[in-house]
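What follows is a single structure, written as structure tokens, with notes after it.
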Amino acid sequence: NRYILMRNSFAKSITNLSKKNKKIVLLAGDIGNKLFDNFKKINKNKFFNCGVAEANMTGIAAGLAKEGFRPVTYTITPFNTLRCLEQIKIDICYPKLPVIIVGTGSGLSYSALGATHHSLDDIAIMRSLPNINIVCPSDPVEVKYALQNALKFNGPTYIRIGKKGEPTVNKENIKFKIGKINKIIPGKDISILSVGNIMKVSLECQKILSQSNISTELVSLHTIKPLDKEYLKNVFKKKLVICIEEHSIVGGAGSAILEFCNLNSIDTSKFMIFGAPDSFLSKTGTQEQARNKIGLNSKNIVKKIINRLKKSNANKNWNRFR
């Protein structure tokens, strides 16, 4: 099934991993009870529905980690990050405990429920905390590997996933490592760095640009912290580098890259960031409608990329594209 939900991939992966790793404990914030039926069958007394009390859930997870377990917390993204931010900071990140925080329905996945359920600021806030990895899988396959990698890390990891049937773009057996990019499609002229659940839009952009004879690399920038420093030091040799993320332009992956470039004296005049504006989205609708509202769609993105290429005068041939 090319459209398996990321959350289903997570449920299957944590169930399979728990068969070998008996230290895994799953805590949920009053969500996904039926989703984890198989996990509960295999792991007696290792699933805890903590209710709508995310701060308490985070504290419990910290205590379990302190006792040698590998706790994983799971609930809707804004409730598993902002609502319990102080507990994540003090109980988990400060002592560097190996807790995995999974936020489901990230970005505008819950667009129909309004701003309370949008998570367009979670990367910005979470990456400001020391000692934590931040991973944004692009599809169900990367979800599986993100969880496997996080369990190998002796510290906290935040995994940000979607829930709207994001297409599977990777084969089952891929080289995945936290802190290293996953190259989806090679290309010579420009590079698109796609963050998490926006991959469908990024794929559309890559296809349109390639059809216009613009050789376009597509990369899954699944790790925002730590960034793939080796890759970033080389990618700016291309004519243009584009970051696409379903997150605010303030403090997200694009901002993290700009900070890296500043520290490493890399020219960012070739860099473009596409994300949500620095404002609340008050109207409700489908995820696609929300993306269109803020211009986070392939038509708008490609138009701006081609306009930038024309202005850059890097190659006179760009002027023939419309």
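Starting from residues that are surrounded by 18 or more Cβ atoms within 10 Å (Cβ to Cβ) and out of contact with any Asp or Glu (no Cβ under 7 Å at 6 or more places or on another chain), keep the ones in the stretch 210-222 and report whichever is farthest from Glu142 (Cα to Cα). Working first, answer last.
Of all residues in the stretch 210-222, those surrounded by 18 or more Cβ atoms within 10 Å (Cβ to Cβ) come to 214, 216-222.
Now narrow it down to the ones that are out of contact with any Asp or Glu (no Cβ under 7 Å at 6 or more places or on another chain): 217-219, 221.
On the way: Glu217: 19, Leu218: 15, Val219: 13, Leu221: 11 Å.
Applying the filter and picking the extreme gives Glu217.
Cβ-Cβ contacts under 6 Å between residues 6 or more apart (or on different chains), taken from a first residue in the stretch 37-57 that is over 13 Å from Thr73 (Cβ atoms) to a second residue that is modelled with pLDDT of 95 or more and assigned to a helix (DSSP H, G or I), are listed as Asn38/Thr15; Phe39/Thr15; Asn43/Ser18. Going by the structure shown, is Leu147 under 30 Å from Ser312 (Cβ atoms), buried (at least 24 other Cβ atoms within 10 Å of the Cβ) and more than 12 Å from the chain's Cα centre (by Cα)? No; evaluated as a whole, the condition is false for this residue. Within the stretch 45-83, the only residue that satisfies the criterion of being assigned to a loop (DSSP other than H, G, I, E, B), among the basic types (Lys, Arg) and farther than 13 Å from Leu27 by Cα is Arg83.
Can you tell which of Leu27, Leu17 is surrounded by 19 or more Cβ atoms within 10 Å (Cβ to Cβ) and either touching a Lys or Arg at 6+ places or on another chain (Cβ under 7 Å) or modelled with pLDDT of 95 or more (or both)?
Details: Leu17 fails: surrounded by 19 or more Cβ atoms within 10 Å (Cβ to Cβ).
Just a single option satisfies the conditions, and that option is Leu27.
In the set Ile100, Ile88, which member is closer than 30 Å to Thr286 by Cα and touching a residue at least 24 places away in the same chain (Cβ under 8 Å)? Exactly one residue qualifies, and that residue is Ile100. In the stretch 268-303, the qualifying residues are those that are among the hydroxyl-bearing types (Ser, Thr, Tyr) and open to solvent by less than 70 Å² (accessible area, probe 1.4 Å), and the one that is farthest from the chain's Cα centre (by Cα) is Thr268. Looking across the stretch 223-240, the residues that are more than 23 Å from Pro156 (Cβ to Cβ), open to solvent by 20 Å² or more (accessible area, probe 1.4 Å) and in a helix (DSSP H, G or I) come down to Glu230, Tyr231, Lys233, Asn234. Take the conditions (1) closer than 18 Å to Gly275 by Cβ; (2) outside any helix (DSSP H, G or I); (3) within 16 Å of the chain's Cα centre (by Cα); Ile159 misses just one of them, which is (1). Would you be able to say whether some residue in the stretch 200-209 is buried (at least 20 other Cβ atoms within 10 Å of the Cβ) and of a type in the set (Val, Ile, Thr)? Within the stretch 200-209, one or more residues are buried (at least 20 other Cβ atoms within 10 Å of the Cβ) and of a type in the set (Val, Ile, Thr). Among the residues of the stretch 181-197, is any within 24 Å of Asn16 (Cβ to Cβ), under 12 Å from the mean Cα position of the chain (by Cα) and part of a helix (DSSP H, G or I)? Yes, there is a match, as at least one residue in the stretch 181-197 is within 24 Å of Asn16 (Cβ to Cβ), under 12 Å from the mean Cα position of the chain (by Cα) and part of a helix (DSSP H, G or I). Scanning the stretch 13-36 for residues that are touching a residue at least 12 places away in the same chain (Cβ under 8 Å) and within 17 Å of Lys163 (Cα to Cα) gives Ser13, Ile14, Ala28, Gly29, Asp30, Ile31, Gly32, Asn33, Leu35, Phe36. Here Lys89, Lys46, Lys40, Lys34 are screened, and the one residue that is surrounded by fewer than 20 Cβ atoms within 10 Å (Cβ to Cβ) and modelled with pLDDT under 95 is Lys34. Taking the listed residues Pro186, Pro167, the one that is touching a strand residue (DSSP E or B) at 6+ places or on another chain (Cβ under 7 Å) and surrounded by fewer than 16 Cβ atoms within 10 Å (Cβ to Cβ) is Pro186, with no other qualifying.
Residues in the stretch 154-164 that are surrounded by 16 or more Cβ atoms within 10 Å (Cβ to Cβ) and not charged (D, E, K, R) were compared, and the one that is farthest from Thr58 (Cα to Cα) is Gly162.
The values are calculated or read from the model by the stated rules, or taken from the named source; none is laboratory data. None of these values were measured; they are calculated from a predicted model. Cβ coordinates were reconstructed from backbone atoms using ideal geometry, including for glycine residues, and neighbour counts include every protein chain displayed. Only protein heavy atoms, including side chains, enter the accessible area calculation; ligands, DNA and RNA are left aside. Shrake-Rupley method; radii C 1.70, N 1.55, O 1.52, S 1.80 Å.
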